[in-house]
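The values are calculated or read from the model by the stated rules, or taken from the named source; none is laboratory data. Keep in mind the model is a prediction, meaning the values are calculated, not measured. Cβ placement follows ideal geometry from the backbone for every residue including glycine, while neighbour counts extend to all protein chains displayed. We work out accessible area using only protein heavy atoms, side chains counted, and drop any ligands, DNA or RNA first. Shrake-Rupley method; radii C 1.70, N 1.55, O 1.52, S 1.80 Å.
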Amino acid sequence: MGLETEKADTRIFMDDDNFPRSGGPALSEAEKGAEDELDRDPHGLNAHLQLGFEDVIAEPELTHSFDKVWICSHALFELSKYLIYKLLTLVLAIPLALVLGIVFALLSCLHIWIVVPFVKTCLMVLPSVQTIWKSLTDVFIVPFFQSIGRCFAMVNIRLDQE
């Protein structure tokens, strides 16, 4: 690990076909495919929302509309679903993300600073409350129900069949 005395000579040879003219980064085919297939739902939270035209509209075998009507309705369904979703996300995504971020931050704060300390306090106090409660039931409630049980223990019921 001494001083490097050699000089590195680096040259880049690139064909005109591989040179990106768009000004963006030059990505290999694997990187382009990975970038195109970015998984925005890695945990499958909304897998049930992946429905298409055939999942919503279906014609039985004996009642078919004209082929052109079917094709146009399919195209209109897909186009309207795509455009309305894009429009709604354009209008609602940022405000809802802000509101949901605030809500989850509030819930996290309440859980961390109020709920967990309260539960821990209750769990810390409960053994002494349990001891007091057991003493109270042993002194007042158990003798009462034992005497009631002894009273009803002397009752006999006899059924006669006539």
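Using the structure shown, decide if Leu126 is at pLDDT 95 or above and open to solvent by 80 Å² or more (accessible area, probe 1.4 Å).
On the way: at pLDDT 95 or above: no; open to solvent by 80 Å² or more (accessible area, probe 1.4 Å): yes.
Here the answer is no, as Leu126 does not meet what is asked.
Residue pairs whose Cβ atoms lie under 9 Å apart, separated by 6 or more positions or on different chains, with the first residue in the stretch 70-86 and in contact (Cβ under 8 Å) with a residue 12 or more places away in the chain and the second open to solvent by 60 Å² or more (accessible area, probe 1.4 Å), are Ser73/Ile57; His74/Glu54; His74/Ile57; Phe77/Val56; Phe77/Ile57.
Residue-by-condition table, conditions (1) open to solvent by 90 Å² or more (accessible area, probe 1.4 Å); (2) touching a helix residue (DSSP H, G or I) at 6+ places or on another chain (Cβ under 9 Å); (3) under 30 Å from Gly52 (Cβ atoms):
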position	(1), (2), (3)
Ser65	no, yes, yes
Trp70	no, no, yes
Leu76	yes, no, yes
Val119	no, no, no
Phe144	yes, no, no
